[in-house]
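The values are calculated or read from the model by the stated rules, or taken from the named source; none is laboratory data. Not measured: the values here are computed from a predicted model. Note that each Cβ is placed from the backbone with ideal geometry, even for glycine, and that neighbours are counted across all protein chains shown. The accessibility values were calculated without ligands, DNA or RNA, using every heavy atom of the protein model including side chains. Shrake-Rupley method; radii C 1.70, N 1.55, O 1.52, S 1.80 Å.
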Amino acid sequence: FSTFSYTQYGAAFDESRWYSVGTGGHTYYATAANYGDPWNNLYTASYELYAVTANASPRLVMVGANGNVASSTNQGSSWSTTAAGSDTLRGVAIDGTSNCVAVGDYGTIYYTANPAGTWTAAGTNPLSGTIYSVATDSGGTWIVVGQSGQIGISTDNGATWTSLTSPTSSDLYSVCPR
């Protein structure tokens, strides 16, 4: 059983590897063949990392403090870094290609078709407060959840958002399409 020296905040799977991100910018991976032992150091950013997402392409995207984004198209052999604004990003999701949405503090929502390139702030965004999580399904619908029970939906890869009625005013920390 592996243990980590640093607190881990997020995990993702790309069909052959598990990934984990956390404090101190530490990122680890384990192969699907052994699912846990050993976990190996993959990347260390100079900032906190709060979320990771991956797809089978394989595309790997990590987000964290001050809008920082790190992405890889080769399971972490090489990295591209960029920024999506300057607010801390708490969640990230990618579809089966390369469309990606990142969310975070102060209602922050950014989207891109190239995680290593330019990220654009959502044009219509009725959400405020921290958004903690984002997920997408195979049909192109994106859902975000956050502080005070906020729920939002996008059907245009994150460009515009509509607020949905929430059954709670409690913070929602995670959303999953399955």
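For the reader, a short list of remarks on this structure follows.
- Ala45 within 19 Å of the chain's Cα centre (by Cα), buried (at least 16 other Cβ atoms within 10 Å of the Cβ) and touching a residue at least 24 places away in the same chain (Cβ under 8 Å): yes
- Listed by first and then second residue, the pairs with beta-carbon distance under 6 Å, at least 6 apart or on different chains, first residue in region 98-115 and under 13 Å from Arg59 (Cβ atoms), second open to solvent by less than 20 Å² (accessible area, probe 1.4 Å) and among the acidic types (Asp, Glu), form an empty list.
- Tyr28 fulfils the conditions (1) open to solvent by 60 Å² or more (accessible area, probe 1.4 Å); (2) in a strand (DSSP E or B); (3) modelled with pLDDT under 95 except for a single criterion, (1).
- Any hit, region 140-151, residues being part of a loop (DSSP other than H, G, I, E, B), out of contact with any Gly (no Cβ under 7 Å at 6 or more places or on another chain), without any contact (Cβ under 8 Å) to a residue 12 or more places away in the chain and surrounded by fewer than 21 Cβ atoms within 10 Å (Cβ to Cβ): no
- Scope region 152-168; condition without any contact (Cβ under 8 Å) to a residue 24 or more places away in the chain and farther than 16 Å from Pro126 by Cβ; matching residues: Pro167, Thr168
- Of all residues assigned to region 121-129, at least one qualifies as being farther than 13 Å from Ala51 by Cβ, part of a strand (DSSP E or B), among the hydroxyl-bearing types (Ser, Thr, Tyr) and in contact with a Ser or Thr (Cβ under 6 Å, 6 or more places away or on another chain).
- Within region 152-178, tally of residues that are polar (S, T, N, Q), touching a Gly at 6+ places or on another chain (Cβ under 9 Å) and either at positive phi or open to solvent by 70 Å² or more (accessible area, probe 1.4 Å) (or both): 5
- Subset of region 70-109 (residues that are open to solvent by less than 50 Å² (accessible area, probe 1.4 Å), within 23 Å of Phe13 (Cβ to Cβ) and not small (Gly, Ala, Ser)): Gln75, Leu89, Val92, Ile94, Asp95, Asn99, Cys100, Val101, Val103
- Filter result for Ala135 (under 16 Å from the mean Cα position of the chain (by Cα) and open to solvent by less than 20 Å² (accessible area, probe 1.4 Å)): yes
- Cβ pairs under 6 Å, 6+ apart, first in region 55-68 and open to solvent by less than 40 Å² (accessible area, probe 1.4 Å), second in a strand (DSSP E or B) and of a type in the set (Phe, Trp, Tyr): Gly64/Tyr50
- Of all residues in region 115-127 being within 16 Å of Gly91 (Cβ to Cβ) and not aromatic (Phe, Trp, Tyr), the one that is surrounded by the most Cβ atoms within 10 Å (Cβ to Cβ): Pro115
- Residue that is in contact with a helix residue (DSSP H, G or I) (Cβ under 6 Å, 6 or more places away or on another chain) and either in a strand (DSSP E or B) or at pLDDT below 90 (or both), where the choices are Tyr6, Tyr50: Tyr6
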